[in-house]
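The values are calculated or read from the model by the stated rules, or taken from the named source; none is laboratory data. Note that this is a predicted model, so its numbers are computed, not measured. Using ideal geometry, Cβ is built from the backbone for each residue, glycine included, and neighbour counts are taken over all protein chains shown. Keep in mind that these areas ignore ligands, DNA and RNA; they rest on the heavy atoms of the full protein, side chains included. Shrake-Rupley method; radii C 1.70, N 1.55, O 1.52, S 1.80 Å.
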Amino acid sequence: MSGTPAAGPLDQRPAVTTESVALFKRRLTEGRSRLRQDFETGAPVESLVRQMAGLVDGVLVEAWRANGLPETGLALAAVGGYGRGELHPGSDVDIAVVLAGGTDRGMSQRLEQFVTFLWDIGLEVGHSVRTVAECRAEAERDVTVVTSLMEARLLAGDPDLFEEMRRVTGPQSIWPMAAFFEAKLAEQTARHHRHHDSAQRLEPHIKEAPGGLRDIQVIGWVAKRHFGAETLHELVRHGFLTEEEFRTLDAGQNFLWRIRFGLHLLAGRREDRLLFDYQRAIAGQFGFRDSENNRGVEQFMKMFYRTALELQRLNEMLLELFEEAILERDKRAEVISLNPRFQVRNGYIEATSDQVFRRYPFAMLEVFLLLQRNPEIQGVRASTIRLIRDHRHLIDEEFRADLRNRSLFMEIIRQPRRIGHELARMHRYGVLEAYLPVFGKVVGLMQFDLFHVYTVDEHTLTVVRNLRQFMTPERDGDLPLCREIMSQLPKPELLYIAGLFHDIAKGRNGDHSELGEHEAVSFCEQHGLSQYDTRLVGWLVRNHLFMSRTATRMDVSDPYVVNNFAGMLGDRTHLDYLYLLTVADIRGTNITLWTSWKDALLRELYRGTLGALRRGLENPIQRRERVMEVQGEALALLCRKSLPKDAVLRHWEAVGEDYFLRHTPEEIAWHTEVILGHGGNPAPLVLLRPNPRRGGTEIFVYARDQDFLFAASTQALDQLGLTVQDARIITSENGYTLDTYIVLDADSGKLIEHGYRADEIVATIERNIGAHTLPAAQFRRPSRKQRSFSVPTRITFSDDKSSKRTIMEVVTTDRPGVLARVAQGMRFCRVRLHNARIATFGERVEDLFFLTDMEGKPIRDEVKVECLRRSITEALAQD
């Protein structure tokens, strides 16, 4: 490993010339190159960041002299992270020039020349030039300025002037400790909110997110301001940090430093986001390789998330300790006893002695139950958090087998309030994974895709929290059906247990639903649940994906589909529990995954299944019966508008049964009215309206059937920035197509309302389909995230026995224009599309197309099947 690069010939103080610029630039380049080599050969990163700062120190000091700047009346200081002596390859080089007084024109010019020189040699500096008084004034106004100046380090110039600046910006002059602490705490809270209060995101920010480097720095800033501590280790001497906690912070910092150093080198600039573009490469630098069960990048990210979680836990505890020592130091204590083991001090629960958890290990569960039962308690005192952390080792097999502890855990699950909140707290304190080791296995576990935006542990707790919120009266306007069902459940705790275990077996070799069922059943048996309740929880875990798959991959308006689904469930109890778990799971997987369209699909499936169960599984509704019901309701709506019944029935004779199964009576009445009003006009008819019941904006196309119609329409929708959620394609016997697309805005995920945007959509589709030929394809560019993933295209065929059609499933990478490309292939092979189920899971598209040949029969010809497979694969492979 190299040492700090030597000063070399720069100590000869060359004049500021073209040659000196080249000389300084070469020194920087060579020094950075040596540090890169040291990093790649595994040199300790803590040494590298110091050497990088040392390299810049030497260059800055020599540049100060080379530019003829004086040693008195002026001081050059490193500030911020550079002031701490920590620099990464792309870090900001922040410097402050401190003046004794105002500057004359000559000095101003020399300072400008100095800064310009630094940029010329390749140092991107952030700089300020202020008098001591101005430093104090700026620091008084802005806590970030005083924080930066706290870490100032003299590089060149007047030491007395530098010390004067330090004195007037110190805690004895401005920002007393209490005010400084409150400001930094508010600053951290706002920063965490900007990062969704979690480091466990797909592309985490390793510096600013919770559990990132900034959380460690906040501890250091508060310690320095309060104790004058220059290092974190000094907090051990002050009794605010244990040796083990220091080692955890130090190891976490070095881990994050190594990631950050590597990120900057990979990006060739400052980059503190662990983007998909870099995750594989960084994982490789840490030596992670793909295994049978997990990819190397997933193993690396699990290590990252676990590290960030532990740093976040320590940050929370230590700042609370500071708060108790700083803000509550002179506050009169108000103590309320709860029981012999716990009391409330100034609104926060605490153990009555440091021996409580050693003598009564069950108290490590009891404390969370007390928080649920006493919602006025604001939190847990830091000293008690530390005691819990220090005694977690007592939660062993004997503890988990103790009936008292099992009863306490079930009591927590059965409480009417704060279930998700306290389970999350148990997780933060490390108690949940200690009590449920199977949960500990998924802590920090992520899947390298765009579908799952949270780690498994965070997703699981989000699902439980979603389930609990279905019971909250203030959320009555949000998902009212869920609230209605939840309020009638006989045992909500069964749903919470299913939520806790539904993904518990992720990351193992095998079907996680089946393996999870085994874990859930074992838990229920150990915790004294009845056989019926145990079977119900196990069934929910095993089938937690069943309802969402049915809703997104099948036609839920088809009585055959609904009857089969109802038969699999058997009774309303299973339907109610599964519906609620499905909604909570989808909403907790990806913030963009839950759409109004998906909400509408699931509600339709729920209500259809409930009707089938009430009717009786032995007496299923038949297709013809359903068609007659829909026609009757639609006809009643049309008669109110005085449309002639004969004309309506003549029009309906040509559209076929499928049309009435796949549209509501209200939609059919709307279509019929506008088509009859259109008369014999040969021009295409394109209508648009927001349809919240369907969960999207409905676009209806009525035109002469042409083989390019679907391709032209979907191409236009893609160009307009719309995502197709559902496509219903009906071809009438008299040669017209009645196509309905349910769309959402691709960027916002919202419905398109009437107005300019709606008019533009209608005009574009009319232009595309009225051209009588397919326009040249123009697709939007894939996003950066989409470009980071590639899903091999796979096309399979099967029979749809209920409708006598061929189902073509296309699995491929999500990107703009997928539907239009598939449509091009179908047009080339001359097949007829009747229905499409559009499903996107992150970067992965899994679309179903219900096809026949041109005579309306299932596709049996292997030549045509191969034509579809080859032409669609080729179309999807095009840039």
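Both the radius of gyration and Dmax for segment 105-184 are 14.7, 43 Å, in that order, over alpha-carbon atoms.
Where does helix 18-40 land angle-wise versus the long Cα axis of the chain, in degrees 0 to 90, nearest 10? Helix 18-40 sits at roughly 70 degrees to that axis.
Rounded to the nearest 10 degrees, the inclination of helix 596-615 to the longest alpha-carbon principal axis of the chain is 50 degrees. Amide H contacts under 5 Å for Gly211: Gln312, restricted to partners 5 or more places along the chain or on a different chain, H placed in the peptide plane at 1.01 Å from N. Heavy-atom accessible surface of Arg417, to the nearest 10 Å², is about 100 Å², with a 1.4 Å probe and all protein chains retained. Based on the alpha-carbon gyration tensor of segment 225-274 and its eigenvalue square roots a ≥ b ≥ c, which shape applies: rounded if a/c is under 1.5, prolate if not and a/b is larger than b/c, or oblate? Because a/c hits 1.5 or more and a/b exceeds b/c, segment 225-274 counts as prolate.
Divided by 2.2 N^0.38 Å, where N counts the residues, the Cα radius of gyration of the chain comes to 1.15.
Hull volume per residue, based on the alpha-carbon atoms of segment 490-630 and their convex hull, is 121 Å³. Rg/Rh for segment 571-639 (Cα atoms only, Rh after Kirkwood) is 1.10. Averaged per residue, the chain has 42 square angstrom of accessible surface, using a 1.4 angstrom probe with ligands and nucleic acids left out.
Put simply, the convex hull of the Cα atoms in segment 84-238 casts, on average, a shadow of 11.2 nm².
Proximity of backbone amide H atoms, modeled 1.01 Å from N, is registered between Ser198 and no other residue at under 5 Å, excluding neighbours fewer than 5 places apart on the same chain. A helix-only calculation puts the chain at -17000 deg cm²/dmol for mean residue ellipticity at 222 nm, using -39500 (n - 2.57) for each DSSP H run of at least four residues, averaged over all residues. Protein-only accessible surface at a 1.4 angstrom probe places the residues Glu138, Glu493 in the order Glu138, Glu493, largest first. Sorting 555-566, 432-443 by their mean Cβ neighbour count within 10 Å, with the most densely packed peptide first, gives 555-566, 432-443. Plainly put, segment 630-681 has a radius of gyration that is 0.92 times its Kirkwood radius, both from alpha-carbon atoms, as the Rg/Rh ratio.
When both bridge partners sit in the chain, DSSP labels roughly 90% of those beta bridges antiparallel.
Principal-axis analysis of the Cα atoms of the chain puts helix 419-428 at an angle of about 40° to the longest axis.
Phi angles of segment 854-871 translate, via the Karplus equation with coefficients 6.51, -1.76, 1.60 and θ = phi - 60°, into HN-Hα couplings of 5, 9, x, 10, x, 7, 10, 6, 4, 5, 5, 4, 5, 4, 4, 4, 6, 5 Hz per residue; Gly and Pro are given as x.
Once all protein chains are placed together, Glu298 keeps about 20 Å² accessible to a 1.4 angstrom probe. With pairing defined as another cysteine C-beta under 4.7 Å, the cysteines of the chain that fail it are Cys135, Cys482, Cys524, Cys639.
Computed from the Kirkwood radius of its Cα pairs, the Stokes-Einstein diffusion coefficient for segment 570-722 at 25 °C and 0.890 mPa s stands at 134 µm²/s. Rg/Rh for segment 677-836 stands at 0.96; both radii use Cα atoms, and Rh follows the Kirkwood definition. Measuring against 32 Å, Cα to Cα, the residue pairs Lys441/Lys801; Lys207/Lys441; Lys491/Lys750; Lys302/Lys750; Lys224/Lys331; Lys184/Lys331 contain Lys441/Lys801; Lys491/Lys750; Lys302/Lys750 as the ones spanning a longer distance. Among rounded, prolate and oblate, which fits segment 840-879 when a ≥ b ≥ c are the square roots of the eigenvalues of its C-alpha gyration tensor, a/c under 1.5 means rounded, and a/b larger than b/c means prolate? The shape class here is oblate. Both numbers refer to the Cα atoms of segment 16-118; Rg and Dmax are 15.2, 50 Å. For segment 384-445, the alpha-carbon coordinates run over 29, 27, 26 Å along the three principal axes, in decreasing order.
Ordered from longest to shortest, the equivalent ellipsoid semi-axes for segment 237-344 are 40, 17, 12 Å, each the square root of 5 times a Cα gyration tensor eigenvalue.
Counted over all Cα-Cα pairs of segment 82-123, pairs farther apart than 13 Å make up 65 percent.
Report, by chain and number, residues whose modeled amide H sits under 5 Å from the one on Leu445, excluding near sequence neighbours (fewer than 5 apart, same chain). Counting only residues 5 or more places away or on other chains, the set is Val456, Asp457. For segment 530-540, putting each phi into the Karplus relation 6.51 cos²θ - 1.76 cosθ + 1.60 with θ = phi - 60° gives couplings of 5, 4, 5, 4, 4, 5, 5, 4, x, 4, 4 Hz, in residue order, rounded to whole numbers and with x for Gly and Pro.
Rounded to the nearest whole angstrom, the semi-axes of the ellipsoid equivalent to segment 635-750, taken from the Cα gyration tensor as √(5λ), stand at 25, 17, 12, largest first.
With the whole protein complex present, Phe342 retains an accessible surface near 0 Å², based on a 1.4 Å probe.
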